[in-house]
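The values are calculated or read from the model by the stated rules, or taken from the named source; none is laboratory data. Computed from a prediction, not measured in an experiment: that's the story for all the values here. Here Cβ is always computed from backbone atoms with ideal geometry, including for glycine, and neighbour counts include all displayed protein chains. Heads up: the accessible areas ignore ligands, DNA and RNA and are worked out on the full protein's heavy atoms, side chains in. Shrake-Rupley method; radii C 1.70, N 1.55, O 1.52, S 1.80 Å.
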Amino acid sequence: MKRSHTVISKAVSIMLVLILSVGLTACGSGSNSSNEPENKPSNGGTATEEPAKNVELTFWNIWNGSDAYMGVLNDKVSEFQKENPNIKVKIEQMPHDQYKLKLKASAAGRQLPDMFVVWPGAELKPMVDGNTVLPIDDLAAEYKDKLIPSANLIDYQIDGKQYAIPNIVVYTHMIYYDKDILAKAGYSEFPKTYAEFKEMVVKVRDLGVTPIALGNKGQWVLQSCYISTIGDRMTGSDFLVKAMSGEKKFTDPEFVGGLNVIKELTDLKAFNEDMNTIDNNQHLDYFVQGKAAMFVEGTWSLGGVQEKLPKDRNLGLAIFPAVEGGAGNPQALSGVTGQGVAINKDIDPGKLDAARQFIRFLSSEDTYNRLLAKDQLVPATVTVPSDASDTLKQLISLTSGGVAPVYDAVLTPQLTEIINNGLQSITMGTKSPEEVASELEAAKAK
């Protein structure tokens, strides 16, 4: 995962430099032509392949939610079909949790669609090991150090082969809060330490408002959006790799301390009582409806919450504060280059050119510019527009302090399932942090 750290850091550094240059020069919305793949037309494709007529591609994705990036990508799919009437893209969209289960089961049975959304690291590797994903090295070469810096392609490389082009840069942790509710609780600024954060939780609860809206029905939210960053505050970013190699143990006090933060917040009644029966879309609704002062999710949620939130609401962004006694970087956030479209290794050869053409169209400069306009971080070298929102600038600032690994991108699927279940059990009071840590350590040893 150290390579992933470099990926995000370089991407953010590029964007920060561009932000700083906004006030000095007039910025356009596109990148310099020297950064573009050769022969790349404005829609991002290259006219080097001619798919057969009347090709139908099956495509699975999760782009059925309210997050702003999903709207951009769905628009691009629609535009692709209009511009390529001979290629029909048959789309099946599923909720995030259902999608991952179906994807794994279909990969095991070699019943995958022609194209499908994938995530890097431990999510992608079993599918590659199962020989179900087609390498796209030559396609990636059209982007490498042109539209996309080579470092930003690494997360989708396994054993030196490229399996997807990243669509966005994702930090899985960001705190979205209502400034007016916090002001009523006596806070003009977000707390800087965990001790102060806990005090704020109590004061917000005393107002009759749920401090933190949480929808952990799918179990991944507490793992990806909470403990990946909170745990890093306690352990430091090299802990997971060391724990997997045996140099460290999941039962070590610093790791248990991270799990204990979830228990402490639960005991403080920081979360809504139905936290384990609603999903992340519903916890966003709670926040938008004013029923909660905060919610914690990834940077992908920024555009969606801005679109849904009434204009008279005052949105704030923050990150989890420093935890006393923690060994990690208090500014680091769990992150990775997020989501790409992969091609089925068993795709009909007559469809392959059309699938490659689709990926080019989707992973284009135009797409990245549209995502940036929706306050989404991107892996491409595109210029931040001169009218970039203050929110986007704040987001770039908050994500510039370092990168922590996302747990489910490092842990094996078995260990990910254990910690997902375990974190939910902690909030239900059926397991202690120590018990969850012991289960992880025992499973690791098998």
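Annotations for the structure displayed:
- Residue match in segment 403-417 (condition: surrounded by fewer than 20 Cβ atoms within 10 Å (Cβ to Cβ) and among the polar types (S, T, N, Q)): yes
- Tabulated pairs, segment 79-105, first touching a residue at least 12 places away in the same chain (Cβ under 8 Å), second polar (S, T, N, Q) and open to solvent by less than 50 Å² (accessible area, probe 1.4 Å), C-beta under 6 angstrom, 6+ apart or interchain: Lys90/Thr58; Gln93/Asn61
- Per-region count, segment 181-196, residues under 22 Å from Gln331 (Cα atoms) and in a helix (DSSP H, G or I): 4
- Pair list, Cβ under 6 Å, 6 or more apart: segment 263-276 residue assigned by TED's automatic domain parsing to the domain that holds Gly218, other residue assigned to a loop (DSSP other than H, G, I, E, B) and at pLDDT 95 or above: Phe271/Leu214; Met275/Leu214; Met275/Asn216; Asn276/Asn216
- The residues listed here are Thr251, Thr266, Thr299, Thr229; of these, the one that is open to solvent by 40 Å² or more (accessible area, probe 1.4 Å) and of a type in the set (Val, Ile, Thr) is Thr251.
- In the set Thr412, Thr430, only one residue is at pLDDT below 95 and hydroxyl-bearing (Ser, Thr, Tyr); that residue is Thr412.
- Within segment 405-436, being touching an Asp or Glu at 6+ places or on another chain (Cβ under 8 Å) and under 14 Å from Gly258 (Cβ atoms) holds for Pro405, Gly422.
- Scope segment 347-373; condition under 18 Å from Ile91 (Cα atoms) and in a loop (DSSP other than H, G, I, E, B); matching residues: Ile347, Asp348, Ser363
- Flag for Thr299 being closer than 30 Å to Ala141 by Cβ, of a type outside the set (A, V, I, L, M, F, W, C), in the same structural domain as Tyr187 (by TED's automatic domain parsing) and in contact (Cβ under 8 Å) with a residue 60 or more places away in the chain: yes
- Residues (assigned to a loop (DSSP other than H, G, I, E, B) and acidic (Asp, Glu)) located in segment 264-305: Glu273, Asp274, Asp279
- Within segment 154-182, the set of residues being small (Gly, Ala, Ser) and open to solvent by less than 60 Å² (accessible area, probe 1.4 Å) comprises just one member, Ala164.
- When residues in segment 379-411 are screened for being part of a helix (DSSP H, G or I), in contact with a Ser or Thr (Cβ under 8 Å, 6 or more places away or on another chain) and farther than 25 Å from Ile158 by Cα, 1 of them pass.
- The residues of segment 195-223 that are open to solvent by 10 Å² or more (accessible area, probe 1.4 Å) and either free of Cβ contacts under 8 Å to residues at least 24 places away in the same chain or in contact with a strand residue (DSSP E or B) (Cβ under 7 Å, 6 or more places away or on another chain) (or both), listed by number, are Glu199, Lys203, Arg205, Asp206, Gly208, Val209, Thr210.
- Unique match (being open to solvent by 30 Å² or more (accessible area, probe 1.4 Å), of a type in the set (A, V, I, L, M) and under 22 Å from Thr229 (Cβ atoms)) among Leu398, Leu392: Leu398
- Qualifying residue in segment 309-332 (condition: modelled with pLDDT under 90, crowded, with 17+ Cβ neighbours inside 10 Å, in contact with a Ser or Thr (Cβ under 9 Å, 6 or more places away or on another chain) and of a type outside the set (Lys, Arg)): no
- Matching residues, segment 52-77, being at pLDDT below 80 and either open to solvent by less than 20 Å² (accessible area, probe 1.4 Å) or closer than 18 Å to Ala373 by Cβ (or both): Ser66, Asp67, Ala68
- Flag if Gln339 is outside any loop (DSSP other than H, G, I, E, B) and either open to solvent by 20 Å² or more (accessible area, probe 1.4 Å) or over 30 Å from Glu56 (Cα atoms) (or both): no
- Restricting attention to segment 102-144, the residues being over 17 Å from Gly160 (Cβ atoms) and assigned to a loop (DSSP other than H, G, I, E, B) number 10.
- Matching option when the condition is part of a helix (DSSP H, G or I) and out of contact with any Lys or Arg (no Cβ under 8 Å at 6 or more places or on another chain), among Gln414, Gln376: Gln414
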